[in-house]
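Okay, structure first, notes after.
None of the figures in this text is laboratory data; all of them are computed from the coordinates on show. Predicted model, so just to flag it, every value in this text is computed and none were measured. Cβ coordinates were reconstructed from backbone atoms using ideal geometry, including for glycine residues, and neighbour counts include every protein chain displayed.
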Amino acid sequence: GAEDAAERTPSVPMSRGLKIEDLAAAPGGAGDQAEASQLFSVDALVHAVSGSVGGNVAMLAFYPLDQLVMRAQAATDKGKSGGAIRAMMDVIATEGVSGLYRGLDSTLVTLFAANFIYFYAFQLMQRNQRLRSFGKTLGISRAVSNLLLGTIAGAINVCFVQPLWVANVRLKLQG
């Protein structure tokens, strides 16, 4: 009952707060909680949200250029190029300033998801003790190990987010 739960709850100073890692390390807290601590990490969550927000801020700043590049790539009449300024003026003349931001919402959602998955996966793998000891056993430097982990995180990202990017481009190209 409640007394059993109180016995299993670790004694943690209130100033530090209770973390899922503390529960996994508690007596009787192994098993499901240990697996959960490997899949959930506050540190990984912070990195994932920070990377996602940073990516979205950068996209907000440069979205009109991204929109112009995408339109140029999708254009059927590729011979008619007057440069980026001319293309921007054409869009503003025909669609208004809002034409430079068409599809921004779907882009931000997709970019947030992509960055979140990438940074979360990378941080979890980087914190994984087994992966670190495996890299040391193979004699892989930390830099090479991080490159490999980044590659794996990127592959995980693409598996989940590629369909969103395809939908995003289709939404941006709709009239």
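Counting other C-beta atoms within 10 Å, and keeping those with at most 11, which DSSP coil trypsin sites (Lys or Arg not before Pro) do you find in the range 86-153? Walk me through the numbers before you get to the answer.
Details: sites: Arg86, Arg102, Arg127, Arg130, Arg132, Lys136, Arg142; in loops: Arg102.
Here no loop site has a sparse enough neighbourhood.
So if we plug the beta-carbon distance of Arg142 and Gln73 into 1/(1 + (r/R0)^6) with R0 = 35 Å, what FRET efficiency do we get, rounded to 0.05? Present the calculation step by step, with values, prior to reporting the outcome.
Values: r = 38 Å, r/R0 = 1.09.
So, using R0 = 35 Å, E works out to roughly 0.35.
For a Förster distance of 22 Å, can you work out the FRET efficiency between the beta-carbons of Ala155 and Ala113, rounded to the nearest 0.05? Write down the numbers at each step before the final one.
Numbers: r = 16 Å, r/R0 = 0.71.
Here the calculated transfer efficiency is 0.90.
Assign one of three labels to the range 66-175, namely rounded, prolate or oblate, based on the Cα gyration tensor with a ≥ b ≥ c the square roots of its eigenvalues; rounded applies when a/c is under 1.5, prolate when it is not and a/b is larger than b/c, and oblate otherwise. Don't skip to the answer; put the middle values down first.
On the way: a/c = 3.78, a/b = 2.75, b/c = 1.38.
In terms of gyration-tensor shape, prolate.
In the range 103-175, if the dipole is taken from +1 on Lys/Arg beta carbons and -1 on Asp/Glu beta carbons about the Cα centre, which of Ala121, Gly139, Thr107 is farthest to the positive end?
Checking the options against the dipole of the range 103-175, the answer is Gly139.
Please get the size of the charge dipole for the range 34-175, origin at its Cα centre, with Cβ charges of +1 on Lys and Arg and -1 on Asp and Glu, quoted in debye to the nearest 20. Mind dumping the intermediate values first?
Numbers: 12 positive and 7 negative charges, 80 e Å.
Once rounded to the nearest 20, the dipole reads 380 debye.
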